[in-house]
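The structure appears right after this line, and notes come after that.
The values are calculated or read from the model by the stated rules, or taken from the named source; none is laboratory data. The structure displayed is predicted, hence computed values, not measured ones. Backbone-built Cβ (ideal geometry, glycine too); neighbour counts: all protein chains shown.
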Amino acid sequence: MLKIVNVKTEYLKPHPKNPRIHPDSAVEKLDQSIKEFGWTNPVLVSKDGFVLAGHARLKAAEKAGIEEVPVIYLPLEGARAEAYMVADNRLQDETLWDFELLEELLMEFGDKDIDLSFTGLDESEINGLLQEVEINMPENKEAESLSLADRFLVPPFSVLDSRKGEWQERKRRWLSLGIESEVGRDENLAFDNDERLWALTKGISNKGHMQDKMNRSQFDKVKAHKKGTSVFDPVLCEIIYTWFSFKGAKILDPFAGGSVRGVVASILNMEYTGIDLNKKQIEANIKQGRKITPKNMPLWVCGDSKDIKTLADGEYDFVFSCPPYHDLEVYTDDNRDLSNMNYDTFLTTYRHIIKESASMLKVNRFACFVVGDVRDKKGFYKNFVSKTIDAFEEAGLRLYNEIILITAVGTLPITAGGIFKSGRKVGKMHQNVLVFYKGDIKQIKETFGEVSVLEMGD
């Protein structure tokens, strides 16, 4: 029986005919693995004292300052020892991955916050392997020639970048259909109020003192950028519908706002119901719906979403919305409008609407809210993102995905320097896309099937 003995590294001689090359990057990965898991594999040495297997481990030991390693001496020497060395290296190349088990392991490591660098795989290698997992699944053989973007609109990663050229081009195509989501509410927004915009850009403190200087020409540039309303991105809308819903699904939107989510849903052959307090906004949405998608009209209902069960009675396959970020934008002068409430009342009403909407969602279905944090009068964040997560979990849904949407820089190049200098506030250019699930996640694949991407013409 072969025995393991500890030998000082200075006595171990690398084989002069070893055909295997070990770059520094490979030795570095092995060094990390040894530091994390310890020494788990002996070095194999020939009868005449040359290393046959373990050259990289030996280099890693020297790099880490390890002076003694476990060794097994094999009863081989000369040409037979060299043949074994070649065979050992070659046979490692012949092994294959069980891709289904590999995917399961990598996902498990990620869920348990295990540093994947300890596996010896870097980020690009892991992404490549996961793509091979998809390609080598029996049902996905036809996807071999398609990229992640071809198959899922954009790669299904936790960061989406709306600034990219491909994204902006697809957005242009959506808007060319006639979507004008800002129509119906532009004159009501807080950012159309020059006095408030002036205060925001100058960084007025809670005591009313100016914290920074901005000349009039700079302010005019900011005003030009800010004029108008925030508009929901149709590409983000398409992605979320495509990933987390399906054709024929019934969509519930408790904070409808503009026309985008309704129009995109209808074009994707879904049944959309959106609730909004603003009568003028609803009228503008209906006008656009009749023009763009008359054969599958979205349903927009004017009313208070606190009464959503009465206004939109029934069961739904997906809850999707972008709620008011408290008072960041003021949409109407209606006291029932969440943007007009104090924060405590806003949160109470907000939680109620989420609870009611969640109760109307079928089991084994997703919900998604696009939210962003906002600051209070003292400059601290209100923690709105976490409060949204808490509200959904109280309603019986669990957070399943959190996606960061990188948005266009807008006025940040003009305002960020002064605002950061006066109070060390960094410019915010992202939103949080929170995806929740109700039911048994094992049913997701069967319920939602294959992802189907809309082919858009020029």
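Below, the figures for the structure above:
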item	result
Count of the range 21-41 residues which are in contact (Cβ under 8 Å) with a residue 12 or more places away in the chain and either within 17 Å of VAL86 (Cα to Cα) or more than 42 Å from the chain's Cα centre (by Cα) (or both)	1
LEU106 vs. criteria under 14 Å from LEU12 (Cβ atoms) and either modelled with pLDDT under 80 or in a helix (DSSP H, G or I) (or both)	no
Per-region count, the range 1-43, residues under 17 Å from GLU67 (Cβ atoms), part of a loop (DSSP other than H, G, I, E, B), modelled with pLDDT under 85 and in contact with a helix residue (DSSP H, G or I) (Cβ under 9 Å, 6 or more places away or on another chain)	1
Matching entry among PHE380, PHE346 (being of a type outside the set (Val, Ile, Thr) and either touching a Phe, Trp or Tyr at 6+ places or on another chain (Cβ under 8 Å) or surrounded by 14 or more Cβ atoms within 10 Å (Cβ to Cβ) (or both))	PHE346
Selection status of SER357, buried (at least 18 other Cβ atoms within 10 Å of the Cβ), assigned to a helix (DSSP H, G or I), at pLDDT 90 or above and not hydrophobic (A, V, I, L, M, F, W, C)	yes
Matching option when the condition is of a type outside the set (Phe, Trp, Tyr), within 21 Å of the chain's Cα centre (by Cα) and at pLDDT below 90, among LEU148, LEU189, LEU160, LEU153	LEU148
Residue that is surrounded by the fewest Cβ atoms within 10 Å (Cβ to Cβ) [pool: residues in the range 407-443 that are of a type in the set (S, T, N, Q) and under 30 Å from LYS355 (Cα atoms)]	GLN443
The range 63-81 residues that are without any contact (Cβ under 8 Å) to a residue 12 or more places away in the chain, paired with ones that are assigned to a loop (DSSP other than H, G, I, E, B) (beta carbon under 9 Å, 6 or more apart)	ARG80/SER46
